[in-house]
Amino acid sequence: MIITLEQTEREQRLQAVRDVVREKNYKGMLFVADSYLGKKGSLRYLFDNHLIHRYGFGLVLPDDQYQILPSGLHWCTDRRVPDTLFPSDHEIMEVVRRLKGHNVTTGVVGVVGLNNTMKIEDFHYLTRELPDIEWVDASVAFDEIRSIKSKTEIEGIKEANRIIEESFDAIIDHIKPGLTEEEAVSVAYSTAHALGAKDTLYLTLSSEQAGAVEPYFLNPRPKVIKDGDYLIVSLEITGPSGHWVEHSRMFCFGQRDEEMEKVAGLVAKCIQYAEVTMKPGVKVTDIQEQVEKMAQVEGYHCGHLTGHGIGMDVIERPFVARQTNTAFVGVEVPGKDDEELLYLKEGMVISFHPQIMRTDKQKSAYMSDVFVITEDGAERLSSRNHEVILIGGETIR
């Protein structure tokens, strides 16, 4: 055991990266991480390091590997994290020293995070010091590896889901009119962290108008919940193993609104459609197309990304969205290099969260569930139904 990861599991992950190095004819792979919630998963995946501050690099070569962190992180990095260096000058200088020390001065190096995480000054330094290396973005190739979760990873995801469900239960028991959104959601923080969660991202969607929700994800606000309000609560956490999960449901306080219930029911139907449709071989863009049709036939349209892979970063490939021809790797839609990740495979884990709204954006609905793609279908990790959770009252407006 390193920290939360068995050594054999880590060796399998490193070998999978080295297989890509060999197949792509790379001289090595450089991983660029940032403590932003969606850009640090590679260091957790390869080094079992929960990056809590700043940024760092991982370097995997055919015969060695290094995690290279700013010197200041010496004081906030678990001592058990393997293969870790804290250079006294600068991390990117250490990356260059290690590459040169392994005689990597020509050829191609794959960089995970080149197009959406690496600092410009670091890239300029690399190209100046190693001008004969071709630096190519390898983010899609890395996502092809980590999109298939091992048995150990799926166990970690299920543990995280248990934590997030208990945290949401705490909100249901606590929430009521008269509380602010901040107060209503606050109990989920203490519950999740007491059960072993690390990172948390809690968002709410609401409206100043009763019987409505506008389609904007915000941090819980000091807005007081009133009778007649609707509120969407979205929880996202990492569990002890470093894997993200999401869980979102809708609340109604006192009086149900007929159109809000209709849109929420449509979201529920889309999730149910995904549950019976997702299995190995199904194309994620086909799922997106059907969800859009289900919304359009009722006079509504889709908003936020319908779904995506989830793991040690909160958003991973594949993306359940319309395919584009963009070459920008950081965009959360399937691009021209995503062909291998358009089809579901056994072991993928998908966060599915359709958002459906009126064209004027005055009323919307959103819920989320996590699914594990199995040999012949999809396992939904939550047993919670998709009915709007009523806090007092019964009438339809």
Identify the GluC sites (Glu not before Pro) of the stretch 344-397 meeting these criteria: DSSP loop state and at most 11 other C-beta atoms within 10 Å of the C-beta. Glu375, Glu394
To the nearest 0.05, how large is the calculated FRET efficiency for Lys226 and Glu159 if R₀ is 35 Å and r is the Cβ-Cβ distance? 0.45
Would you mind working out the accessible area per residue for the stretch 16-55, using a 1.4 Å probe, and quoting it in Å²? 40 Å²
Largest first and rounded to whole Å, the semi-axes √(5λ) derived from the alpha carbon gyration tensor of the stretch 145-205 read 28, 12, 9
If DNA, RNA and ligands are ignored and the probe is 1.4 Å, what is the ranking of Arg380, Arg146 by accessible area, most exposed first? Arg380, Arg146
If I stretch the segment between Gln272 and Leu14 completely, what's the gain in nm (0.36 nm per residue apart, minus their alpha carbon distance), one decimal? 89.2 nm
Could you tell me whether the stretch 1-85 comes out rounded, prolate or oblate from its Cα gyration tensor? Rule is a ≥ b ≥ c as square roots of the eigenvalues, rounded for a/c under 1.5, then prolate if a/b exceeds b/c, otherwise oblate. prolate
Only loop residues by DSSP count here, and only those with at most 15 other Cβ atoms within 10 Å; note down the trypsin sites (Lys or Arg not before Pro) in the stretch 248-330 that meet that. Arg322
On average, how much accessible surface per residue is there in the stretch 164-275, in Å², for a 1.4 Å probe, leaving out ligands, DNA and RNA? 35 Å²
Full-stretch length increase - Arg54, Leu390 - with 0.36 nm per residue and alpha-carbon distance subtracted: 116.8 nm
How big is D for the stretch 236-328, in µm² s⁻¹ as a whole number, if Stokes-Einstein is applied with the Kirkwood radius of its Cα pairs at 4 °C and 1.567 mPa s? 85 µm²/s
Where only alpha carbons of the stretch 51-179 are counted, the Rg and the Dmax (Å): 19.9, 66
Once Ser88 and Leu37 are pulled to full extension, the length gained, defined as 0.36 nm per residue separation minus their Cα-Cα distance, is 15.7 nm
If all Cα-Cα distances of the stretch 252-383 are sorted into 5 Å bins from 0 onward, what percent lands in each bin, rounded to whole numbers? 2, 11, 20, 22, 19, 13, 8, 3, 1, 0
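Determine, from the Cβ-Cβ distance of Lys100 and Arg80 and an R0 of 30 Å, the FRET efficiency 1/(1 + (r/R0)^6), rounded to the nearest 0.05.
Working: r = 29 Å, r/R0 = 0.96.
Taking R0 as 30 Å, the efficiency between Lys100 and Arg80 is 0.55.
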Here are some values of mean projected area of the Cα convex hull in nm²: (1) 29.2; (2) 25.2; (3) 19.6. Which one was computed from this structure? (3)
Solvent-accessible area of Val297, probe 1.4 Å, all protein chains present, reported in Å² to the nearest ten, please. 110 Å²
Taking all protein chains in place and a 1.4 Å probe, what share, in percent, of the accessible surface of the chain do carbon and sulfur account for? 48 percent
Take every Cα pair under 8 Å in the chain that's 6+ residues apart, average their separations, divide by the length, and report that relative contact order as a whole percent. 15 percent
Cubic angstrom per residue, convex hull over Cα atoms of the stretch 111-242: 160 Å³
For the stretch 4-39 the GluC sites (Glu not before Pro) that pass both the DSSP coil test and the at-most-12 other-Cβ-within-10 Å test are Glu6
At the level of C-alpha centres, the distance separating the stretch 230-265 and the stretch 277-327, in angstrom, is 19 Å
Using the Karplus curve 6.51 cos²θ - 1.76 cosθ + 1.60 with θ = phi - 60°, work out ³J(HN,Hα) for each residue of the stretch 240-252 in order, rounded to whole Hz, and write x for Gly and Pro. x, 7, x, 8, 7, 9, 10, 8, 9, 9, 10, 10, 10
For the chain, longest principal axis from Cα atoms; helix 7-23 axis from its Cα atoms; angle between them, nearest 10 degrees, is 70 degrees
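The values are calculated or read from the model by the stated rules, or taken from the named source; none is laboratory data. What you are looking at is a predicted structure, and each value in this text was computed from that prediction instead of being measured. Note: ideal-geometry Cβ built from the backbone for every residue, glycine included; neighbour counts use all protein chains shown. We work out accessible area using only protein heavy atoms, side chains counted, and drop any ligands, DNA or RNA first. Shrake-Rupley method; radii C 1.70, N 1.55, O 1.52, S 1.80 Å.
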